Structure formats: structure tokens, C-alpha cells
Amino acid sequence: MARFSLPLLLLAALGAPLAAQVALPGVAVPRVGSVLGEVGDLTGQTLDRTARQARDLARSRLQRIDRLVRSNRSGIERDARGEPARRGELLLIDAGADALRTARGAGYRVLETVELAELGFSVTRLQVPTGRDLDEAEEHLSALIPEATFAPDNLHFPAGKTPALAITSAVSRSAPGGVAVGMIDGAPGKTVAVTGMRGFAAGAPYPSNHGSAVASLLASEHGGPIRVADVYGTDKAGGNALAIARGLGWLVGEGSRVVTISLVGPKNPVLERAIAAARRRGVVVVAAVGNDGPAAPPAYPASYDGVVAVTAVDGKRRALIEAGRALHLDYAAPGADIRAINAKDKRIRVRGTSFATPLVAARLAKALQKGGDWREAIDREAVDLGRKGVDPVFGRGLVCGDCRGH
């Protein structure tokens, strides 16, 4: 069987009625992505099995969101699309005096204005009036201030699995010179050497297994400076769009030329604006496509224009069955049958597109250090898998194919 047949089958096997198949009764749910593709040379039995697996992944995603919202009603609610966001807040981009006056007059309270100087714009946090749900507030503000750009503060989630762990401290260490790589995630444990770290959520920096694993894989292939923006801390509504934008602004200001983000969420105007601004500053953003399968909506930030979108393969160079999708795909890297370091300095097995992403970021930094066109350098290294040339399963090819972590 060709390597690319199974993932392409997943794309082909799931048709238009998927949203109805995975919807939770009585719950407004996020949309499920439309999925089209090619059918490989596979039997009907394989078709049924892989279609079922993809439906299960999509259903699992919706159930996770539902559990999250139900168990954190004081801090999280759904936006107009059914996506989770910080409760009772809307974000206004570059809000003018007239827009703010109109919003205040309608009962919206200004919580703060965050100046993202390194990215060239500001974000104002508005508190939604008591008694008005977030989705209603979106519609209300859109009608009140049609010329304004506003967004919910959507949450983003790690694109890989590690056991849960709570650690209370972390340290920063120096690193040799070279291209600086920034990382937006949870904080790493104290045994993972980083040049600098800053928190952008309540309780941050607060080490997590996911952040430790991503940072350890990055450090295993990158000898230069690593700076970490912790956007989770101990905040149940951590990983929100504003925290990520603020973290990105800090990393850009500190001189990071590559930023790796192993998180996924819905499209959000604040984060889209932040990433576009970072790219104009010459920063290359690398992001995971997630692990919710091909039936999930396109992953962001991987789907934003110009972001290097990364998927994952296992030790036999097979695409992960759970790999998500983006509006484009650039590279694959090992994301299973590899080891990383958790927050207690233990070697653990990890799986997910989260862990492929820092490996690609490290290779990018190496290419930038040498000068010239980084894309050409990475393309020369990439091993073509599946269909010849660029394809929707492996992108432009496998990078860091021999990397196995720690």
C-alpha cells in the first residue's frame, strides 16, 4: 500500500453530513471542516475503518470542548461559531475614540488597552454587559460599530499529548549565540535550558509537560538561544488569542527570527494580525496542524498566510492517523516513536504534530544561520514521501527524518 493512501482515504471518506454525525445534542458546537480528497487503492473494509476513526476524532474534539466549557463556566463560554473563548470579553483592534465611546454608551466596559508596539497595533479588552452572552454581544457590537474589527478571545490547545503534571518553579539559562528561536506554549521545566522566559497568563510561568517536551525537542536540534512565552500558566482560559499575540510581540522584540507554536484553535482576527505583523518583521512562524484528524476544521495558526504548517509521521515514516489539516501544508517531521523530556526531567514517549513542529523550527534556524534562502535549504533536505512532489499528506517532504529526540 502506498504511504499516502490511508491519509488521503481519510480525506475522501468523510462527506458532507459529518457535522450532523458528531454534533452533541442541545449544544452549540463549532463547525466541522469540509473534507475532500482522493481514494487510494484500498478495500471497502479499510474505507469503513478509517472513516470511522476520523469520525471518532472529530467527535472527540467536540466532546473535549463541551467538557471544557461545562467545567469552567465562570471563565469560558462559546462564541458565535461555537468555539471556546474567554467569558464575557471581546477584543477591539486599534479602537478609535468614537468606537470606544459608542461601546461604553452601550454598556461595554473598557478593561485595558494592550499596546503591541513590536507588532504595530493595539488591542482593547471590552467587558460584555451583564446578562448578555458572548455570541449575542458579537452580533450587537457588529451592528453598533460596523467599521470596527473585533473578536472573541478564542482559546488554543496543545497539539500533542503528554501526561498532566504540576510543577512550581522554572529557571532560565544562557545559551550560545546563533539564530534565536521563540516558542509559544506552556513553560518548560527547570532542566530544559532556555535563554529567557516570560509569562502571559495568570500564574505564568508555570511548567507543563507539553511545554517541557516541545522545548526539549527544540533544544535537542537547536544550539542557539531559545526564549519561551508561557501563554497558559495556571489560567483555565489560558492559550487565548491575546496572550499568544502578546507573547509573539515579546519574542519579536527580543530578536527571535523563528517562532514555533504547537497550539491549535479557530481563526481569530487578533492573532491573524499579530502573525502578519511578525512576518513583516522577517520572522518565520512555524505551527502544528493539530491532532483532531482530517474532519476537523483547518487548524490555526498553521492556516494563516505565510505560516509554515507542519504535520507528523511515525518511526516508519507513515503519516499519523490523527494528524489534522491546514489550508496549506509545508513539511512533515517525526511526531511519534520519539522521546522528549517532561517537567520532572523524565524521558517520555510523545505523539502528535506538536512534537514535529519544533524539529522543523530548529532546521529553519540552522538554514537562516547559514544565510541564503531558507526555503531552498529545507527543500533540499526534505525527503519526498507519498505522491511525487508536494502533496496534501506530507507537504514538501519529511524534514529531520532521523531525529528521535532524547
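When you scan the stretch 259-281, how many residues do you find that are part of a helix (DSSP H, G or I) and either modelled with pLDDT under 95 or of a type outside the set (Gly, Ala, Ser) (or both)? Walk me through it before giving the result.
Looking only at the stretch 259-281, we keep the residues that are part of a helix (DSSP H, G or I), and these are 269-280.
Okay, now just the ones that are also either modelled with pLDDT under 95 or of a type outside the set (Gly, Ala, Ser) (or both), so 269-273, 275, 279-280.
Here the count works out to 8.
For the stretch 66-85, state whether one or more residues are open to solvent by 20 Å² or more (accessible area, probe 1.4 Å), among the polar types (S, T, N, Q) and in a helix (DSSP H, G or I).
Of the residues in the stretch 66-85, the ones open to solvent by 20 Å² or more (accessible area, probe 1.4 Å) are 66-68, 70-75, 78, 80-81.
Cutting the leftovers down to among the polar types (S, T, N, Q) gives us 71-72, 74.
If we keep only those that are in a helix (DSSP H, G or I) as well, we get 71.
Yes, the stretch 66-85 contains a residue that is open to solvent by 20 Å² or more (accessible area, probe 1.4 Å), among the polar types (S, T, N, Q) and in a helix (DSSP H, G or I).
Residues to consider are 231, 179; find the one that is in contact with a Leu (Cβ under 6 Å, 6 or more places away or on another chain) and modelled with pLDDT of 95 or more.
Of the residues listed, the single one that is in contact with a Leu (Cβ under 6 Å, 6 or more places away or on another chain) and modelled with pLDDT of 95 or more is 179.
For the stretch 253-274, give me each residue that is surrounded by 24 or more Cβ atoms within 10 Å (Cβ to Cβ) and over 26 Å from residue 62 (Cα atoms).
Answer for the stretch 253-274, where residues must be surrounded by 24 or more Cβ atoms within 10 Å (Cβ to Cβ) and over 26 Å from residue 62 (Cα atoms): 256, 258, 259, 274.
If a residue must be out of contact with any Gly (no Cβ under 7 Å at 6 or more places or on another chain) and in a helix (DSSP H, G or I), how many such residues does the stretch 217-226 contain?
Going through the stretch 217-226 one residue at a time, the tally reaches 3.
What pairs come out if I take residues in the stretch 131-145 that are at negative phi and surrounded by 19 or more Cβ atoms within 10 Å (Cβ to Cβ) and pair them with residues that are of a type in the set (D, E, K, R) and not in a helix (DSSP H, G or I) whose C-beta lies under 6 Å away, six or more apart or interchain?
134/77; 134/79
Out of the residues in the stretch 282-321 that are at pLDDT 95 or above and of a type in the set (D, E, K, R), state the one that is least open to solvent (accessible area, probe 1.4 Å).
Out of the qualifying residues, it is 314.
When you check residue 92 against the structure, is it more than 21 Å from the chain's Cα centre (by Cα), closer than 30 Å to residue 251 by Cα and assigned to a helix (DSSP H, G or I), yes or no? Full working, then the answer.
Details: more than 21 Å from the chain's Cα centre (by Cα): yes; closer than 30 Å to residue 251 by Cα: yes; assigned to a helix (DSSP H, G or I): no.
Answer is no for this residue.
Here's the yes/no breakdown for (1) of a type in the set (S, T, N, Q); (2) under 14 Å from the mean Cα position of the chain (by Cα):
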residue: 256; (1), (2): yes, no
residue: 267; (1), (2): no, yes
residue: 276; (1), (2): no, no
residue: 298; (1), (2): no, yes
residue: 317; (1), (2): no, no
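Step by step: first the residues of the stretch 227-258, then only those that are in a strand (DSSP E or B) and charged (D, E, K, R), then the one that is farthest from residue 358 (Cα to Cα). Which residue is that? It would help to see each step written out before you state the result.
Step one: of the stretch 227-258, the residues in a strand (DSSP E or B) are 227-230, 240, 258.
In the following step, the residues that additionally are charged (D, E, K, R) were identified as 227, 230.
Numbers: 227: 13, 230: 16 Å.
For the stretch 227-258, the residue satisfying everything is 230.
Do you know which residues across the stretch 327-361 are open to solvent by 20 Å² or more (accessible area, probe 1.4 Å), under 14 Å from the mean Cα position of the chain (by Cα) and within 16 Å of residue 220 (Cβ to Cβ)?
none
I need the full set of residues from the stretch 192-203 which are modelled with pLDDT of 95 or more, open to solvent by 30 Å² or more (accessible area, probe 1.4 Å), of a type in the set (A, V, I, L, M, F, W, C) and part of a loop (DSSP other than H, G, I, E, B), in order please.
202
I'm trying to understand the selection: among the residues of the stretch 116-129, which are without any contact (Cβ under 8 Å) to a residue 40 or more places away in the chain, under 17 Å from residue 102 (Cα atoms) and open to solvent by 10 Å² or more (accessible area, probe 1.4 Å)? Break it down into steps so the answer makes sense when it comes.
Let us first name the residues in the stretch 116-129 that are without any contact (Cβ under 8 Å) to a residue 40 or more places away in the chain, namely 122, 124, 126-127, 129.
Of the ones still in play, those that are also under 17 Å from residue 102 (Cα atoms) are 124, 126-127, 129.
Passing the criteria: 127, 129.
The values are calculated or read from the model by the stated rules, or taken from the named source; none is laboratory data. As the structure is a computational prediction, the values presented were derived from the model and not from experiment. As a convention, Cβ positions derive from the backbone with ideal geometry for all residues, glycine included, and neighbour counts pool all protein chains shown. What goes into the accessible areas is simple: the full protein's heavy atoms, side chains included, and nothing from ligands, DNA or RNA. Shrake-Rupley method; radii C 1.70, N 1.55, O 1.52, S 1.80 Å.
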